[in-house]
Structures are given as structure tokens and as C-alpha cells.
Amino acid sequence: IPLDIVYEDGDLLILNKAPGVPVHPGPGHFNDTIGNFLLNYYNSEGIEGDFPPVHRLDRGTSGLMVIARNKGINALLCQQFSQRTVAKVYTALLCGHLAEDEGIVEAAIAKDPAHFPRMALCARHGKPARSRYRVIDRLYQAREGERALALTRVTLTPETGRTHQLRIHCQLLGYPILGCDLYGGRELPGTECAPRLMLHASELRFVHPVSHEPMHIQQASPF
């Protein structure tokens with residue numbers, strides 16, 4: 001499929017990833033991933049390029065992701081991620097009307113050995129995880145012949161980078177992300193009709209690893 005390239009230079013690209021597309025090949029997805037599409041793009045354009053993993057988005061999540069063109073640039077970007085100097089902001093629709101206008105969720109996360117690929121809260125063995133949330137607006141989604149579905153649109157800012165962190169922390173708040181199959185976003189009446197996971201990477205800030213210029217890329221949420 002065509003890639004939605006938001007920014008491109010000789011060192012890196014920033015993509016607006018479509019929902020439902022996996023980043024890396026895996027079981028059931030060997031030829032229909034961002035990695036495949038990107039290497040095909042390089043080949044068609046006669047560009048030298050690789051696909052080392054800087055970071056990833058879950059298959060159901062849409063939005064901004066940065067991709068290094070080679071392993072050297074990848075190492076420099078990964079260093080920024082490991083030092084937590086990269087800022088990522090997501091937009092999400094949560095089930096229900098979130099009571100507080102903003103707040104912080106801090107709860108450790110570990111793999112759930114009984115339910116792969118789920119993660120789980122685990123204070124004893126989990127890795128520390130911290131997320132900020134801020135309410136954009138509270139709304140109702142009208143449903144013909146049924147009670148309107150209460151939703152809250154929020155921005156979510158992960159201060160750590162654990163797998164499924166935002167989805168688990170929203171579930172812990174009691175307001176799961178709409179359309180989330182793993183963490184309660186399809187269990188309330190009316191939520192089973194969500195067309196996708198309502199989570200979008202809408203903002204990305206980092207320092208360009210070569211020019212050292214501050215990069216601030218935004219991509220409006222589709223919901």
C-alpha cells in the first residue's frame with residue numbers, strides 16, 4: 001500500500017501509520033507490514049535504506065512513527081528513546097465520561113504469562129510505567145434506537161515506553177480505550193461496534209540525530 005510519509009530526509013522518515021497494519025512481520029503477517037511496504041518504497045525509488053526498529057506502534061494504533069534509514073541513525077535515535085528525551089502524545093477515545101480533567105497513572109507492567117499477548121499490572125515483578133492524561137472533551141455518540149454512548153476524548157502522554165502501557169493504564173482508570181479487544185474496550189454495551197482501536201499517535205518531539213535541530217511533528221487524529 002502507499003506509505004503516508006509526513007517527513008523525509010537522507011537520514012530518517014516519519015510515517016503516519018494506518019490502523020490495522022503491523023509494523024514488523026510476524027505470525028499471519030509476513031508481507032503486509034510497514035517493513036515490507038517501506039523496503040518496497042526504497043526499491044521503487046532507487047533509495048539506499050534499511051528498516052532497523054527505532055520504536056513501534058501496535059497494529060491497531062495509527063499515527064506518527066519515526067524510522068531510521070540505517071543502523072547508525074537507528075542507534076542515535078534509540079539512545080534518545082532510552083534516555084526518555086523523545087516526547088510522544090496520543091489522542092484516544094475512552095469509554096465513559098472520565099471524572100478528572102487531568103491526572104497521572106503510575107503502575108508497573110509485566111507480561112501476563114497466562115494470556116499472551118496481554119500484559120498485566122504487576123507491582124512486584126513489573127517494570128515501572130507512568131502516563132499522563134488530559135481531557136479534551138466529553139461527548140455522546142448517538143446510536144439509533146439505543147442509549148447514546150458516553151465517550152471522553154483525551155490526550156495521553158507516556159513517560160515510559162512499556163508494551164500496551166496506555167491501554168492498561170486507561171483500563172486501570174476504569175475508562176478503557178474504545179475498540180480495545182485486550183483491555184475492556186469492547187465489553188460495555190455499544191462498544192462492540194467500534195471500527196478500530198481508537199488510539200492515535202498525534203505528536204512527536206525529538207532532536208534530529210544529524211542536524212541536531214528540534215523536530216516537532218503533529219498529525220491530527222481521525223476521530
Spatially close lysines, pair count over the chain: Cα under 25 Å, gap of eight or more or interchain: 6
Computed over the Cα atoms of the range 24-94, the Rg and Dmax in Å are 13.8, 43
How large is the convex hull of the Cα atoms of the range 99-193 per residue, expressed in Å³ as a whole number? 94 Å³
Cα-based equivalent ellipsoid, the range 1-136: semi-axes from gyration tensor eigenvalues, Å: 30, 18, 17
Of the listed peptides 42-51, 128-137, what is their order by residue-averaged count of other C-beta atoms within 10 Å, with the highest listed first? 128-137, 42-51
Between Gly35, Ile136, Leu15, whose Cα lies farthest towards the positive end of the dipole of the chain when Lys and Arg beta carbons carry +1 and Asp and Glu beta carbons carry -1, centred on the Cα centre? Ile136
Run the numbers for Arg134 and Glu100: contour at 0.36 nm per residue of separation, minus the present Cα-Cα distance, in nm. 11.4 nm
What does the convex hull of the alpha-carbon atoms of the range 154-223 project to on average, in nm²? 5.8 nm²
Can you pull the Rg over Rh of the range 143-191, Cα-only, Kirkwood? 1.03
Cβ charges +1 (Lys, Arg) and -1 (Asp, Glu), total dipole of the range 43-178, debye: 380 debye
Contact order relative to length of the range 54-201, as percent, for alpha carbon pairs under 8 angstrom and 6 or more apart: 27 percent
Zero-based 5 Å bins, Cα pair distances in the range 67-108, whole percents: 5, 14, 15, 19, 13, 11, 11, 7, 4, 0
Using a 1.4 angstrom probe on the protein heavy atoms only, could you order His169, His115 from most to least accessible area? His115, His169
Sequence ranges 79-91, 24-36, ranked by mean other-Cβ count within 10 angstrom, highest first: 79-91, 24-36
Among residues other than Gly72 whose Cβ falls under 15 Å from its Cβ, what is the net charge (Lys/Arg +1, Asp/Glu -1)? -2
Which FRET efficiency, nearest 0.05, do Ile47 and Ser211 yield, Cβ-Cβ r, R0 25 Å? 0.85
Going by the alpha-carbon gyration tensor, a ≥ b ≥ c the square roots of its eigenvalues, is the range 1-40 rounded (a/c under 1.5) or, if a/c is not under 1.5, prolate (a/b greater than b/c) versus oblate? prolate
By per-residue mean of other Cβ atoms within 10 Å, what is the highest-first order of 189-195, 52-58? 52-58, 189-195
What FRET efficiency do you get for Asp4 and Ala75 if R0 is 25 Å and r is their Cβ-Cβ distance, rounded to the nearest 0.05? 0.45
Under a plain spin-label model, where a point goes 7 Å from the Cα along Cα-to-Cβ, how far apart in nm are Arg56 and Thr85? 2.6 nm
Restricting everything to alpha-carbon atoms, can you work out Rg to Rh for the range 107-151 with a Kirkwood hydrodynamic radius? 1.25
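The values are calculated or read from the model by the stated rules, or taken from the named source; none is laboratory data. Keep in mind it's a predicted model, so treat the numbers as computed, not measured. Positions of Cβ are generated from backbone atoms using ideal geometry, with glycine treated the same way; all protein chains shown enter the neighbour counts. Only protein heavy atoms, including side chains, enter the accessible area calculation; ligands, DNA and RNA are left aside. Shrake-Rupley method; radii C 1.70, N 1.55, O 1.52, S 1.80 Å.
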